[in-house]
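The next block holds one structure in the form of structure tokens; read it before the comments.
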Amino acid sequence: MLFDQIAAIVAEHLDCDVEEIKRESTFESLGIDSLDAVELVMKIEEELGVQMDLDRDLETVDELIKFVEEKMN
């Protein structure tokens with residue numbers, strides 16, 4: 001499931017338990033700044049084999065999942 005993959009990437013990046021990552025988690029509440037976001041996008045591209053030109057602001061993990069799903073289709 002895409003959520004599980006992305007949650008694992010985010011948790012690894014933040015060095016926290018994957019259970020702490022929820023669909024409704026905001027990046028701000030997780031302490032993710034713009035540099036972290038760029039690094040996460042690069043890691044997601046690498047691990048999922050998808051090219052993502054981040055052309056909008058994403059505020060939650062759920063928005064990120066939907067964005068990745070769009071790019072995969």
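Is it the case that some residue within segment 18-26 is of a type in the set (Asp, Glu), in contact with a Leu (Cβ under 9 Å, 6 or more places away or on another chain) and more than 21 Å from residue 71 (Cα to Cα)? Checked segment 18-26: at least one residue is of a type in the set (Asp, Glu), in contact with a Leu (Cβ under 9 Å, 6 or more places away or on another chain) and more than 21 Å from residue 71 (Cα to Cα). Of the residues 45, 59, 63, 69, the single one that is touching a residue at least 40 places away in the same chain (Cβ under 8 Å) and of a type outside the set (A, V, I, L, M) is 69. Identify the residue in segment 42-70 that is more than 18 Å from residue 23 (Cβ to Cβ) and not in a loop (DSSP other than H, G, I, E, B) and, among all such residues, is most open to solvent (accessible area, probe 1.4 Å). Checking each candidate, the answer is 46. Somewhere in segment 29-40, is a residue open to solvent by 90 Å² or more (accessible area, probe 1.4 Å) and in contact (Cβ under 8 Å) with a residue 24 or more places away in the chain? No, because not a single residue in segment 29-40 is open to solvent by 90 Å² or more (accessible area, probe 1.4 Å) and in contact (Cβ under 8 Å) with a residue 24 or more places away in the chain. Would you be able to say whether some residue in segment 19-28 is without any contact (Cβ under 8 Å) to a residue 24 or more places away in the chain and either open to solvent by 90 Å² or more (accessible area, probe 1.4 Å) or under 10 Å from the mean Cα position of the chain (by Cα) (or both)? Yes: one or more hits. Can you name the residue in segment 30-70 that is closer than 15 Å to residue 3 by Cα and of a type in the set (D, E, K, R) and, of all such residues, is modelled with the lowest pLDDT? Only one residue tops the list, namely 70.
The values are calculated or read from the model by the stated rules, or taken from the named source; none is laboratory data. Source: prediction; values computed, not measured. Note that we place each Cβ from the backbone using ideal geometry, even for glycine, and neighbour counts take in every protein chain shown. Note: areas computed on protein heavy atoms with side chains; ligands, DNA, RNA excluded. Shrake-Rupley method; radii C 1.70, N 1.55, O 1.52, S 1.80 Å.
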